[in-house]
Amino acid sequence: MLEGKNVNLRVVEKEDLPQLAEWINDPDFYGEYEPLIQVTRVELEKQYDNLLSEERWFIVEKKDGSSIGGMSHFPEGKLIEIGYTLIPGERGKSYCTEAVKLMIDYLFLSKNIIRVQAPTDPRNISSQRVLEKAGFKKEAIVRKSNVIRGKWRDRALYSILRKEWKEPKILTKTAPG
Ligand SMILES: CC(C)(COP(=O)(O)OP(=O)(O)OC[C@H]1O[C@@H](n2cnc3c(N)ncnc32)[C@H](O)[C@@H]1OP(=O)(O)O)[C@@H](O)C(=O)NCCC(=O)NCCS
């Protein structure tokens with residue numbers, strides 16, 4: 001468990017997959033700036049069973065233990081990328097910013113990496129604010145690289161380097177693995 005002040009990140013267990021499938025299949029979960037996905041529980045289980053060693057899914061939970069979203073880190077070539085989504089009713093409360101800071105602390109404390117990146121739709125203001133508040137810098141526009149609602153869209157690529165992170169911002173305890 002990665003413990004923050006208002007939210008924790010805990011690794012997804014098989015028992016979380018029905019909840020995740022329910023979220024993913026609701027178009028409002030990923031919203032208007034992310035691809036539409038419909039997935040069966042069996043497909044999600046197969047994906048989960050075949051996760052690469054550098055890939056991990058987390059549940060974002062509040063201090064009362066309620067699950068409010070998901071976050072993951074996964075390989076993008078030789079680099080590490082993160083993704084995150086909160087359920088609509090829990091957005092705009094700074095939870096995601098804290099969860100991203102926790103994840104960055106964890107990644108730089110546990111892995112021999114010098115950068116973490118995150119792509120987002122340039123129209124997705126709240127996602128870009130989250131990244132900026134967590135210390136990321138916008139570095140590029142990756143042109144026509146994502147299909148959203150049937151249209152090819154640009155993505156803004158953000159990154160944070162180890163030298164910009166410097167020291168843990170939030171994380172007080174790190175889980176093994
Ligand atoms: C993106 C997402 C995770 C952000 O979560 P969140 O909990 O709302 O984020 P936070 O509350 O930590 O921060 C949001 C920031 O964006 C700001 N913001 C939101 N909409 C804004 C707008 N239209 N204009 C300006 N600022 C805006 C908020 O004010 C806040 O900044 P502040 O703390 O400086 O006031 C959430 O909106 C979500 O799950 N969206 C759907 C899926 C998605 O887009 N995932 C990201 C894929 S890259």
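Throughout, read-outs are computed from the coordinates displayed, never taken from laboratory work. All values reported here derive from a predicted model rather than from experimental measurement. FYI the Cβ positions are ideal-geometry reconstructions off the backbone, even for glycines, and counts take in every protein chain you see.
Observations on the structure shown:
- Segment residue 93-residue 53, extension gain: residue separation times 0.36 nm, minus the distance between their alpha carbons: 11.2 nm
- Loop-resident sites, region 1-77, for GluC sites (Glu not before Pro), counting at most 11 other Cβ within 10 Å (DSSP): 13
- Once you reduce region 152-169 and region 10-80 to the center of their Cα atoms, the two points are 21 Å from each other.
- Potential lengthening of the chain between residue 145 and residue 112 amounts to 9.1 nm, from the contour at 0.36 nm per residue minus the alpha-carbon distance.
- When region 1-102 is reduced to its Cα atoms, the Kirkwood hydrodynamic radius in Å: 14.2 Å
- Both radii come from the Cα set of region 1-50: Rg as radius of gyration, Rh as Kirkwood radius; their ratio Rg/Rh reads 1.04.
- Residue exposure proxy: 85, 120, ordered by other Cβ atoms within 10 angstrom of their Cβ from fewest to most, comes out as 85, 120.
- Proximal aspartates and glutamates relative to residue 151, as straight alpha-carbon distance under 13 Å, when same-chain residues fewer than 8 apart are discounted: 32, 34, 121
- Local net charge near residue 6, Cβ-Cβ under 13 Å (Lys/Arg +1, Asp/Glu -1): 0
- Translational D in µm²/s for region 64-158 (Stokes-Einstein at 4 °C, 1.567 mPa s, Kirkwood Rh from C-alpha pairs): 91 µm²/s
- Basic side chains Lys and Arg get +1 at the Cβ, acidic Asp and Glu get -1 at the Cβ, and with that the dipole of region 2-165 about its Cα centre reaches some 820 debye.
- Rg to Rh, two decimals, where the chain supplies the alpha carbon set and Rh follows Kirkwood: 0.93
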